[in-house]
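Here is the structure we will look at, set down as structure tokens.
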Amino acid sequence: MRLPDELDLAGGRLRAIEPSDWRLDHALSRVRDVPRWTYYPTDVTEVEAQQRVARSIELRRDGRGGRFVVESGAVAVGTIGFALRTDGPYLYYAFLPEGRGRGLATSAVLALTQWAFAEGEPHVHALTMLDNTASERVLERASFVRAGLDVEPGGATVTRWVTGP
């Protein structure tokens, strides 16, 4: 699946992550609840943030997924992406506090989900950490439904979500 370079959102846009976006990755790792509710590591160094962004660019280039920067105006407020697994694409996202509560996460999830359906994907998946009610509300607003619980490598229990056209 070749991801688009850009998608319009209600109130913003998605654009493919670029090398200079390491600053956003660096900032997200320092938001107290982002590492708690996502797979972001805590307090990455500038070099680690640069390496994470480079891996995302490589995944996109290889057709294995990739990330977008969520912008409101010209300001980067979060990231969203797909991990392409054998059972289909899995969405993941994280937002800075200034990007929350404005509908951008739901708009970004809807934009990528609709794009995946247009590309022929029958389902789009997502995972949330238990008790991550804010992320659960985003997925519910985007018509995802709970599909069960999974235990991830490393032992974290997550809620599995799915939606289809």
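Across the Cα atoms of the chain, what radius of gyration and what greatest pairwise Cα-Cα distance (Dmax) are found, in Å?
14.7, 40
Let's see if you can work this out: charge +1 on each Lys and Arg Cβ, -1 on each Asp and Glu Cβ, no other charges. What is the dipole magnitude of the chain about its Cα centre, in debye to the nearest 20?
Charge dipole, the chain, about its Cα centre: 140 debye, nearest 20.
What distance in nm lies between label points placed 7 Å from Cα along the C-beta direction at Ala27 and Thr86?
A separation of 3.9 nm, rounded to one decimal place.
Which helices count as membrane-span-like in the chain under these terms: full DSSP H, at least 18 Å along the axis by C-alpha, Kyte-Doolittle mean of 0.5 or more? Intermediate results must be reported in sequence, preceding the final value.
Details: long enough: 46-61 (23 Å, -1.00); 104-118 (21 Å, 1.39).
Qualifying helices, which must be both long enough and hydrophobic enough, are 104-118.
Pairs of Cα atoms under 8 Å, at least six residues apart: use those to get the relative contact order of the chain, whole percent. Before the final figure, lay out the partial values.
Values: 285 pairs, mean separation 31.1, N = 165.
Relative contact order of the chain: 19 percent.
We did not get these values from a lab; they are worked out from the coordinates using the rules stated. Small disclaimer: the values here were computed from a predicted structure and weren't measured. Note that each Cβ is placed from the backbone with ideal geometry, even for glycine, and that neighbours are counted across all protein chains shown.
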